[in-house]
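Visitor: Okay, handing you the structure first.
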Amino acid sequence: MNIAADTHLRGFLDLEPELEDFRTAILEGLAEPRKATAAKFFYDEEGSRLFERICELQEYYPTRTECGILRDHAAELRRLLPEGATVIEFGSGSADKIRLFVQALGRPQCYVPIDISRDHLLDNAGAFAAENPAIEVVAVCADFTDPVRLDEVVPKGPRIGFFPGSTIGNLEREEAAEFLRGARRTVGQGGFLVIGVDLKKDPAILEAAYDDAEGVTAAFNLNLLRRINRELDGDFELNAFSHRALWNDAEGRIEMHLVSERDQAVAVAGRRFDFREGETLHTENSHKYGLDEFRTMAEDAGLHARRSLTDANDLFSVHVLEAV
Ligand code: AVJ
């Protein structure tokens, strides 16, 4: 199949990332003494739709705040960052944000979205290419936490990594440090990483952002059980679990859990799992970073913070890091 011709892409690099088996991962997580699942499993079709609704909630400040920062500081971003660069997006999640970023830069030479989901990647990359005929688009299907060798597929010249949305918050702190080291290798010395990071703040604001009044986040969390029921022949009773979001101060993160309302047994893929009343399935971590805390972690990864942009209320940060 000639994808390039179909979608106006200049190139498509398929590293055939190993898709972690949903079944294996869920069964392992349910067998742990502290039951847990990885946040990436939220995003089936319904989960992605619910996440888009979350981004529009009054309580969920990150999306609109980050977009505001990219808009308000467009001139400064342009001044700080090289012209005619190759922009590499880690996870091609947000169409709005890459458009704002590209607008700020003027005209980068090349756009390289990296995403593990082939369909999602080709949709996004194709739409971007159709809208921006002057920018070369090279889609890369890979796990964005794996360093990717781009030398043969992108033009020479400066590289800018772009990682919005505070997606880095889903990683444990040590994994986040490892991601930064990998991103540094990908952009190379003299390259940049522009990364959106949610800030530590009043826990009441954080807890509201992850437990909205309308219950959209609760539905997003519970949808994981629906997905397990459908795809893994599970019999979770959705009414017997409730959504909980809590600030874990020692770990500096919001945690989402599903709390068992009673003692119960659940079957998944022919296996039985017992839940005590009050026992939780830990479904997500969303780590938050102080400005200095994040800059220190970046420095340790060989990325120097040239500028840390925030909004007027210090809710969210966008760091401009240079690979030194
Ligand atoms: C997509 C990981 C950035 O942690 O804020 C939103 C996901 N979870 N509400 C976040 C999420 C619940 C979101 N990230």
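Every number in this text was worked out from the coordinates using simple rules, so none of it is lab data. Bear in mind the structure is a predicted one, so any value in this text is a computation, not a measurement. No Cβ is skipped: glycine too gets one built from the backbone with ideal geometry, and neighbour counts run over all protein chains shown.
Visitor: Taking the highest mean first, how do the peptides 185-191, 248-254 order by number of other beta carbon atoms within 10 angstrom per residue? Could the numbers behind the result be given before it?
Guide: Working: 185-191: 16.6, 248-254: 14.0.
Taking the mean over residues of other Cβ atoms within 10 Å, the ranking is 185-191, 248-254.
Visitor: Here's a follow-up. Which peptide among 262-274, 164-176 comes first, and what is the full order, when sorted by highest mean count of other Cβ atoms within 10 Å?
Guide: Values: 262-274: 13.2, 164-176: 18.6.
The peptides rank, most packed first, as 164-176, 262-274.
Visitor: Amide H of Gly161: which non-local residues (sequence gap of 5 or more, or other chain) have their own amide H closer than 5 Å, using H built in the peptide plane?
Guide: Ile88, Phe192, Leu193, Val194
Visitor: Let me ask you something else. Only four residue types carry charge here, +1 at the Cβ of Lys and Arg and -1 at the Cβ of Asp and Glu. Report the dipole size of the stretch 1-116 about the Cα centre in Debye, rounded to the nearest 20. All intermediate terms of the calculation are to be shown ahead of the outcome.
Guide: Working: 14 positive and 21 negative charges, 112 e Å.
The calculated dipole for the stretch 1-116 is roughly 540 debye.
Visitor: Given H placed on each backbone N at 1.01 Å, which residues far from Tyr111 in sequence or on other chains put an amide H within less than 5 Å of it?
Guide: Those qualifying (amide H under 5 Å, at least 5 residues apart or on another chain) are Val87, Glu136, Val137, Val138.
Visitor: Quick one: if you stick a label point 7 Å off each Cα along the C-beta vector at Asp143 and Arg79, how many nm between them?
Guide: Here the answer is 4.1 nm between the modelled labels.
Visitor: Have a look at Ala312, Ala129, Ala25 and tell me which one the Gaussian network model of the chain (Cα, springs below 10 Å) gives the largest fluctuation.
Guide: Ala312
Visitor: May I ask you to derive the FRET efficiency for Gln189 and Glu46 from their Cβ-Cβ distance with R0 = 56 Å, giving the value to the nearest 0.05?
Guide: Details: r = 43 Å, r/R0 = 0.77.
For Gln189 and Glu46, the calculated efficiency is 0.85.
Visitor: Could you list the residues of the stretch 155-179 with an amide nitrogen less than 18 Å from a label point located 7 Å from the Cα of Arg34 in the Cα-to-C-beta direction?
Guide: 170-176
Visitor: Could you compute the FRET efficiency for Glu207 and Lys156, with r as their C-beta to C-beta distance and R0 at 51 Å, rounded to 0.05? Don't skip to the end; give the middle numbers.
Guide: Working: r = 48 Å, r/R0 = 0.93.
Working from the Cβ atoms, E equals 0.60.
Visitor: Sticking with this structure for a sec: Highest mean first, what order results for 204-211, 76-83 on Cβ atoms within 10 Å?
Guide: Working: 204-211: 17.8, 76-83: 15.4.
Per-residue mean Cβ counts within 10 Å order the peptides as 204-211, 76-83.
Visitor: Apply 1/(1 + (r/R0)^6) to the Cβ-Cβ distance of Asp96 and Gln264, taking R0 = 51 Å, and write down the FRET efficiency to the nearest 0.05. If you can, show how the numbers build up before the last one.
Guide: Details: r = 41 Å, r/R0 = 0.80.
Taking R0 as 51 Å, the efficiency between Asp96 and Gln264 is 0.80.
Visitor: Kindly list the residues of the stretch 27-61 that lie in the label zone of Asp21, defined by a backbone N under 17 Å from the point 7 Å along the Cα-to-C-beta vector.
Guide: What the label zone holds, given the 17 Å backbone N cut-off, is 27-32, 38.
Visitor: Let me ask something else. With charges set only on the Cβ (+1 for Lys and Arg, -1 for Asp and Glu), what does the dipole of the stretch 122-229 come to about its Cα centre, in debye to the nearest 20?
Guide: Here the stretch 122-229 has a charge dipole of around 380 debye.
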